[in-house]
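The values are calculated or read from the model by the stated rules, or taken from the named source; none is laboratory data. Keep in mind that this is a model prediction, so the values were computed, not measured. Cβ sites come from the backbone with ideal geometry, for glycine too, and all protein chains shown count toward neighbours. All accessible areas refer to the heavy atoms of the entire protein, side chains included, with ligands and DNA or RNA removed. Shrake-Rupley method; radii C 1.70, N 1.55, O 1.52, S 1.80 Å.
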Amino acid sequence: YTARALELRAAEYYAETRQPQDQWKTIDDLSPQLAEFEHRVRAEDYDGAGRLLGEIDFDYLQLWGYALRVLEMREKLTGHLTSRTLEMWNWGYIGMCRYQTGQVRRAIECYEHALELARADRDRQAEGVWLGNLGNAYSDLGETRKAIEYYERALAIAREIGDRRGESNHLCN
């Protein structure tokens, strides 16, 4: 066995020990995923680690107040992801973590990078998400006119692709 093979084997072990999603109530319930993530990173399976993190970061870890932990985990993936889609979401979620921790200007940089990647992939839904997040960031900085411009662009995309939830969010903003 190589060290990489052993790390991947350990990651698979932890993947098999996960609780069902409806039982995820605290960070302790995500211990198998957190261990699996670390093993995948050590095995240099960055795309696998990125997909795994996508399952638990926004709706669980960030929601529960672990934005700094998610930021640390996501930064381990920067420069290593081979999937441009995973890279786009990684930059966007780094931006969200920076935003949640009061680093609004740094969040803007991350959102802009995610926006570039979304446009390169012609992912209109993601483009709308990052435009909306840029609007939120500029609103928090007191740059209302700029925020409205981003919201209007995001709203136009939501209407274009029939994203009723996105349309609602952008209208509320």
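Every residue, every condition in (1) over 18 Å from Asp28 (Cβ atoms); (2) open to solvent by less than 60 Å² (accessible area, probe 1.4 Å); (3) in contact (Cβ under 8 Å) with a residue 40 or more places away in the chain, yes or no:
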| residue | (1), (2), (3) |
| --- | --- |
| Ile56 | no, yes, no |
| Trp64 | no, no, no |
| Leu81 | yes, yes, no |
| Glu87 | yes, yes, no |
Flag for Asp123 being more than 16 Å from Met96 (Cα to Cα) and either under 21 Å from the mean Cα position of the chain (by Cα) or open to solvent by less than 40 Å² (accessible area, probe 1.4 Å) (or both) = yes
Pick from Leu8, Leu77, Leu30: which is open to solvent by less than 70 Å² (accessible area, probe 1.4 Å), in a loop (DSSP other than H, G, I, E, B) and either within 28 Å of Tyr138 (Cα to Cα) or at pLDDT 95 or above (or both)?
-> Leu77
Please enumerate the residues belonging to region 138-151 that are surrounded by fewer than 24 Cβ atoms within 10 Å (Cβ to Cβ) and out of contact with any Lys or Arg (no Cβ under 8 Å at 6 or more places or on another chain).
-> Ser139, Asp140, Gly142, Glu143, Thr144, Arg145, Lys146, Ala147, Ile148, Glu149, Tyr151
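The rows are residues; the columns are (1) of a type in the set (Ser, Thr, Tyr); (2) over 19 Å from Gly92 (Cα atoms); (3) in a helix (DSSP H, G or I).
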site	(1), (2), (3)
Leu117	no, no, yes
Arg122	no, no, no
Gln125	no, no, yes
Leu131	no, no, yes
Leu134	no, no, yes
Tyr138	yes, no, yes
Gly142	no, yes, no
Arg159	no, yes, yes
Right, Tyr60: more than 30 Å from Lys146 (Cα to Cα) and surrounded by fewer than 19 Cβ atoms within 10 Å (Cβ to Cβ) or not?
-> no
